[in-house]
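The values are calculated or read from the model by the stated rules, or taken from the named source; none is laboratory data. The shown structure was predicted, so the numbers you read here are calculated from the model rather than taken from an experiment. In this analysis, Cβ positions are derived from the backbone assuming ideal geometry, glycine residues included, and neighbour counts consider all displayed protein chains. The area values use the complete protein model at the heavy-atom level, side chains included, leaving out ligands, DNA and RNA. Shrake-Rupley method; radii C 1.70, N 1.55, O 1.52, S 1.80 Å.
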Amino acid sequence: MSGTADLRDSYDVAVIGAGPAGMVAAAICAGAGLSTVLLDEQAAPGGQIYRAVGETPVRRPAVLGNDYWHGERLVRALRASTAHYVPGATVWSLSREREIGVSIAGGARLVQARRVIIATGALERPFPIPGWTLPGVMTAGAAQILLKSSGMIPQGRTVLAGSGPLLWLLAWQYLNAGAKLDAILDTTPRANRKAAWPHAAAFLLSPYFRKGLRLLLSVRRRVRVVAEVGDLRAEGEGKLQTVAYRVGDGVETRLSADILLLHQGVVPNVNLAMSVGIAHRWDEDQLCWTPVVDGFGGTAVDGVAIAGDGAGIAGAWAAEERGKLAALAAVRALKPDARREQLPDEMQVRLALAQVERGRLFLDRLYRPADRFRLPEGDTLVCRCEEVSARQIVETVALGCTGPNQMKAFLRCGMGPCQGRLCGLTVTELIARARGVSPAEVGRYRLRPPVKPITLGELAVLPKSEAAIKAVVRG
Amino acid sequence: MFRRLPDAGEARLAVTIDGKPARARAGDSVAATLLAAGVDHCRTTPVSGAPRAPYCMMGVCFECLVTIDGVGNRQGCMVPVEDGMAIEIQHGRREIER
Ligand SMILES: Cc1cc2nc3c(=O)[nH]c(=O)nc-3n(C[C@H](O)[C@@H](O)[C@H](O)COP(=O)(O)OP(=O)(O)OC[C@H]3O[C@@H](n4cnc5c(N)ncnc54)[C@H](O)[C@@H]3O)c2cc1C
Ligand code: FES
């Protein structure tokens, strides 16, 4: 693994995040002759979809599926390029002057770049139900990480609950691996089908359609699926013991369970982009904050672009194409004389992007999470770190608190170690509903560097540049 | 709660969890090591003392905070496990950096 010592002080291009978008972008920039660094906090390249693709202990290729192994090609192209890929590198700050604060193996460094491509991907949307903090409850994505990185599958009574493609993908991968699933509780509201219907024709032409359908049918044949779950709770003393649910408003069913895996879609990971002052808008289709970018992922912050799901959820194939576009823009700006044969053809990239983005609205509408699972009530915890409940938030709005940043001062929500990553969307939406205004009007937690925790020891070795001091003095 | 696929390679590393010996596979994170060892929680919260276990496995939620080789508040899901590591469950509030 590279240490901070191998890092140069400056690069033409710094790419943050080694998922499909970042790997492709870094390889193209390097191929055009630009000095390029690719920083990623994971131990190996791949991002979320291709996590651990070069080193997964899952031996049988059929378990994770062909789409997963496609990542090997991207990793090979990256390794064959001159891009300096640094694993275990956590970026904790980015300034408008494109100075990057990064920690590698316990040492902090500042790196300067002429262009920065943020490719930090997505996170799973919060799924605040009663009991979601109990040990035994985790996200479907977390469970998938255990499978890809460690070859681990659930043992004991296992329930999957929620909505969205990733939930079904995990179920399929688990069944391929020989795991036993007790039930899938599908929380997709019935009304979503009607809302999605007008976009169905576009989705029929999407490459995701046939694959998705096949996967869905294959899972449905093998697992009990309960549709239209409208109420969901995890219960237990000190750990999960029971999953209680209702279909619609029907009677409650209780299942004994050891593991409950929750998922209701992914949202852009916006921390770094927000902290550098890139404008974000409330996306009513995807119910999340999305950075404002141009057709190349470029932002209003000079020299900083965003590629991949971090610029709005569009999936892994789109992430690759968007990585190419961001790289093209960087090469054109820094090396206008680069030979065309070294670069992807812009028209082809745009065509491919249009192809894979087709029908996205269908997926957004179909898998739009129900209000009830985004806007919890009563004692359900919203902020897991500081243990703040939905009721406390609503009551504080009644006291005149109008936004998330004020809410921090009242309740400490969003002030724990996760810095509001997990509760941010819930808090914004809860305040919006209580005030009867749009989330856009309520706004979001202000994010300041460091966006990832950094130790005093790491800071001590940093040169005291003005940017470094600004980066670590919290507001 | 979780088990390893039979062909997923051997757990050759030796670590301790709260002083008791446990095995880990090179390439696993500390959080995965705890889950594979059947540890049901890795910390208790500073506010109410409630037990918590890894939730996101990707560095977002900070539920996996543990003490590793005497250093508190390490994010277990982001730290690759190493031979000889002493991992401890973290109780309540820890000073932010020791
Ligand atoms: C847990 C999870 C699992 C998923 N699994 C699948 C799947 O199996 N199939 C599928 O089609 N889609 C999956 N997705 C959806 C995913 O968003 C893909 O569409 C795809 O991975 C997006 O590619 P990307 O290049 O935009 O970002 P990602 O692949 O998410 O890569 C982003 C990279 O940035 C790194 N990073 C983030 N912040 C920092 C930082 N501050 N410093 C350093 N590095 C950082 C991360 O470690 C990560 O490697 C998953 C999403 C999540 C959240
Ligand atoms: S399990 Fe969420 S940060 Fe480690």
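What does the highest-first list of A:423-432, A:247-256, B:21-30 look like by mean Cβ count within 10 Å?
With the highest mean Cβ count within 10 Å placed first, the list reads A:423-432, B:21-30, A:247-256.
Would you mind computing the Rg to Rh ratio of region A:1-123 from its alpha-carbon coordinates, Kirkwood style for Rh?
Radius of gyration over Kirkwood radius for region A:1-123 works out to 0.98.
Once all Cα-Cα distances of region B:13-91 are split into 5 Å bins that start at 0, what whole-number percent is in each one?
Reading the bins upward from 0: 3, 19, 31, 28, 13, 4, 1.
Just which residues of region B:2-32 lose 10 Å² or more accessible area with every protein chain there, against their chain alone, with the probe set to 1.4 Å?
SASA drop of 10 Å² or more in region B:2-32: B:2, B:3, B:4, B:5, B:7, B:8, B:25, B:27, B:28, B:32.
If A:132, A:197 are ordered by their accessible area, calculated over protein heavy atoms with a 1.4 Å probe, which sequence runs from highest to lowest?
A:197, A:132
Can you send over the carbon and sulfur percentage of the accessible area for the protein assembly as shown, probe radius 1.4 Å, protein chains only? Before the final figure, lay out each step's value.
Working: 12170 of 23110 Å².
Ligands and nucleic acids excluded, carbon and sulfur reach 53 percent.
Calculated FRET efficiency, residue A:60 and residue A:412, Cβ-Cβ r, R0 30 Å, to nearest 0.05? List each step's numbers first, then the result.
Numbers: r = 47 Å, r/R0 = 1.57.
Once rounded, the FRET efficiency stands at 0.05.
Given a cut-off of under 8 Å on Cα pairs at least six residues apart, what relative contact order in percent is computed for region A:375-442?
Reported as a whole number, the value is 33 percent.
When we measure straight from the Cα of residue B:20, which lysines land under 24 angstrom away, once same-chain ones fewer than 8 places off are left out?
Straight-distance partners of residue B:20: A:239.
Please check region A:145-161 for residues whose accessible area, probe 1.4 Å, is lower by 20 Å² or more when all protein chains are in place than in their chain alone.
Those are A:145, A:146, A:149, A:150, A:151, A:152, A:153, A:155, which lose 20 Å² or more relative to the chain on its own.
What does the charge count near residue A:413 come to, summing +1 for each Lys or Arg and -1 for each Asp or Glu among other residues with Cβ under 14 Å from its Cβ? Provide the component values of the computation, followed by the final result.
Values: positive: A:384, A:391, A:408, A:412, A:421, A:444, A:446; negative: A:386, A:387, A:395, A:429.
Taking every other residue near residue A:413 into account, the sum is +3.
Between residue A:352 and residue A:201, 0.36 nm times their residue separation minus their Cα-Cα distance comes to what?
Value of the extension gain: 52.5 nm.
Considering Cα pairs under 8 angstrom that are at least six residues apart, work out the relative contact order of chain A and quote it in whole percent. Can you show the working numbers first?
Values: 1031 pairs, mean separation 88.4, N = 475.
Relative contact order of chain A: 19 percent.
Taking 0.36 nm per intervening residue step and subtracting the Cα-Cα distance, what contour gain separates residue A:237 from residue A:194 on full extension?
Length gained, residue A:237 through residue A:194: 11.5 nm.
Local charge sum around residue A:133 (other residues, Cβ-Cβ under 9 Å, Lys/Arg +1, Asp/Glu -1)?
Residues close to residue A:133 contribute a combined charge of 0.
Using a cut-off of 17 Å between alpha-carbon atoms, which aspartates and glutamates can reach residue A:324, once sequence neighbours fewer than 8 places away in the same chain are excluded?
Output for residue A:324: A:12, A:294, A:309, A:341, A:345, A:346, A:357.
Compute the Cα gyration tensor for region A:126-264, then decide on rounded, prolate or oblate, letting a ≥ b ≥ c be the square roots of its eigenvalues: rounded whenever a/c is under 1.5, prolate when a/b is larger than b/c in the other cases, and oblate in all that remain.
oblate
Relative to the compact globular guide of 2.2 N^0.38 Å, what is the alpha carbon radius of gyration of region A:86-200, as a ratio?
Numbers: Rg = 19.7 Å, N = 115, 2.2 N^0.38 = 13.4 Å.
Relative to the rule-of-thumb radius for its length, region A:86-200 sits at 1.47.
Considering only the other residues whose Cβ falls under 10 Å of the Cβ of residue A:15, what net charge follows from Lys and Arg at +1 and Asp and Glu at -1?
On the way: positive: A:115; negative: A:40.
Counting the neighbours of residue A:15, the net charge comes to 0.
Suppose only helical runs count, i.e. DSSP H with n ≥ 4. What mean residue ellipticity at 222 nm does that imply for the protein assembly as shown under -39500 (n - 2.57) per run, divided by all residues and rounded to the nearest 500 deg cm²/dmol?
Working: 20 runs with 181 residues, N = 573.
Helices in the protein assembly as shown give a 222 nm mean residue ellipticity of -9000 deg cm²/dmol.
I'd like to check one number: the per residue accessible area of the protein assembly as shown, probe 1.4 Å, reported in Å² as a whole number.
Spelled out: the 1.4 Å probe surface of the protein assembly as shown, per residue, equals 40 Å².
Given region A:375-442 reduced to its alpha-carbon atoms as identical point scatterers, what log10 I(q)/I(0) does the Debye formula return at q = 0.16, 0.20, 0.24 Å⁻¹?
The computed values of log10 I(q)/I(0) come out as -0.42, -0.67, -0.99.
Going by alpha carbons, how many degrees (0 to 90, nearest 10) lie between the helix axis of A:140-150 and the longest principal axis of chain A?
The two axes meet at around 60 degrees.
Kindly point out, ordered by number, any Cys in chain A whose beta-carbon has no other cysteine beta-carbon under 4.7 Å away.
Unpaired cysteines in chain A: A:29, A:288, A:385, A:401, A:418.
Hey, could you pull the Cα Rg and Dmax for the protein assembly as shown, both in Å?
22.5, 69
Determine the total buried accessible area between chain A and chain B, counting protein heavy atoms only with a 1.4 Å probe; round to the nearest 100 Å². Spell out each step's value before the answer.
Numbers: alone 20700 and 6070 Å², together 23110 Å².
The A and B chains share an interface burying roughly 3700 Å².
Which order do you get for A:346, A:357 if you rank them by accessible area with a 1.4 Å probe, largest at the top?
A:357, A:346
Would you list, by chain and number, the lysines whose Cα falls below 21 Å from the Cα of residue A:408, excluding same-chain residues fewer than 8 positions away?
Within reach: A:452.
Label-point separation (nm) for residue A:112 and residue A:300, each offset 7 Å from Cα along Cα-to-Cβ?
Placing both labels 7 Å along Cα→Cβ, they lie 2.7 nm apart.
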